[in-house]
Amino acid sequence: MAGAPIVSVGMPAYNSEKTLRQSIDCLLGQALSDLELVVSDNASTDGTWDILQDYARRDPRVRPIRQSVNIGANGNYSAVFLASRGRYFKWASSNDWCAPRLLQACVDRLEADPGTVLVAPRTRLFESDVDDAVDYRDDIACRDESPVQRFIHVGTHLALNNVMNGVVRRDALAKTRLIEHYPGADVVLVAHLALLGKIELLDEALFYRRMDAATATRLMSSADVHRHHYPVPTWRASLPSWRLAAGWLRVALLTGGLSLRDRTAAVDWVLRRAYWSRADIGRDLVELLRLGRRS
């Protein structure tokens with residue numbers, strides 16, 4: 001695309017006025033400066049939009065978007081990619097912090113290896129102050145030559161999804177369904193990328209992730225997690241375990257370029273995964289029947 005930057009950074013934001021400036025400043029101060037920062041304000045009720053307008057006036061690389069209604073966290077993550085133009089893409093939370101070398105280091109590795117679709121650095125976790133961050137030990141890489149082994153590795157080893165905050169090839173990400181509207185869709189997305197190419201982990205902690213009850217879903221109550229994904233009542237909130245299982249199966253069945261042997265192995269693993277999750281799938285069905293009776 002003519003005039004497109006090397007990297008697009010997509011930042012979904014919602015009521016982020018307390019942390020937004022720090023997250024934006026670290027991105028605008030990257031060593032790789034040929035970037036655009038697409039920020040989607042998900043109908044915030046605080047000063048988020050005012051902050052974004054101020055940044056856009058001062059730096060033409062900042063492109064703010066304002067959603068008229070809250071489209072849910074997953075929808076907002078997809079929205080920033082769809083509005084971006086760069087050859088490479090990075091998601092960036094409005095709560096986290098990136099070291100100045102992050103973009104350049106990831107892009108350099110992608111340029112050096114056409115078979116790699118996603119590069120992410122190691123992660124440090126913090127609650128309120130970046131200076132108090134601690135190392136996270138379980139970041140993953142998927143370097144196996146077999147696409148299905150990379151796919152299974154994501155499904156069995158990805159715990160905290162830090163790798164999604166790396167830098168990805170735009171053409172690979174465009175082949176996915178992005179982040180669909182169910183909990184766990186972000187992991188399905190990473191697994192899809194693993195089928196398309198290798199995932200590399202830089203042995204340097206350049207990504208700092210905020211972990212507190214206001215920003216990390218694993219620390220939220222179940223009700224808050226539900227609101228995070230479904231801010232308004234919607235049919236998409238029904239049968240979340242079924243939707244997750246269908247997402248895994250769709251990726252295994254429909255990803256192009258796989259051999260019959262690899263596709264069969266991926267589908268077999270997905271079906272076994274659904275069997276292991278049968279209790280959750282059963283609870284979803286019972287809950288749906290209860291809702292039907294109430295209505």
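Just a few scattered comments:
- Only one of A112, A83, A99, A92 that is at pLDDT 95 or above, within 15 Å of the chain's Cα centre (by Cα) and assigned by TED's automatic domain parsing to the domain that holds A133: A92
- S33 being among the polar types (S, T, N, Q), in the same structural domain as S93 (by TED's automatic domain parsing) and closer than 19 Å to Y77 by Cα: no
- Tallying residues that are closer than 27 Å to A73 by Cβ and either basic (K, R) or assigned to a helix (DSSP H, G or I) (or both) within the range 106-117 yields 3.
- Filter result for the condition that a residue is at pLDDT 95 or above, out of contact with any Cys (no Cβ under 9 Å at 6 or more places or on another chain) and crowded, with 20+ Cβ neighbours inside 10 Å, over V167, V187, V154: V187
- Within the range 47-65, residues that are in contact (Cβ under 8 Å) with a residue 12 or more places away in the chain and over 19 Å from L82 (Cα atoms) have Cβ atoms under 9 Å from residues that are aromatic (F, W, Y) and surrounded by 18 or more Cβ atoms within 10 Å (Cβ to Cβ) in these pairs: T48/Y14, counting only partners at least 6 apart in sequence or on another chain.
- Filter pass, R150 being over 26 Å from G72 (Cβ atoms), assigned by TED's automatic domain parsing to the domain that holds D96, over 17 Å from the mean Cα position of the chain (by Cα) and among the basic types (K, R): yes
- Some residue of the range 124-138 being buried (at least 20 other Cβ atoms within 10 Å of the Cβ) and either modelled with pLDDT of 95 or more or of a type in the set (A, V, I, L, M, F, W, C) (or both): no
- The selection criterion, being modelled with pLDDT under 95 and surrounded by 20 or more Cβ atoms within 10 Å (Cβ to Cβ), does not hold for P233.
- Residue that is surrounded by fewer than 14 Cβ atoms within 10 Å (Cβ to Cβ) and out of contact with any Gly (no Cβ under 8 Å at 6 or more places or on another chain), where the choices are D262, D268: D268
The values are calculated or read from the model by the stated rules, or taken from the named source; none is laboratory data. Not measured: the values here are computed from a predicted model. Cβ atoms come from the backbone with ideal geometry, glycine included; neighbour counts cover every protein chain shown.
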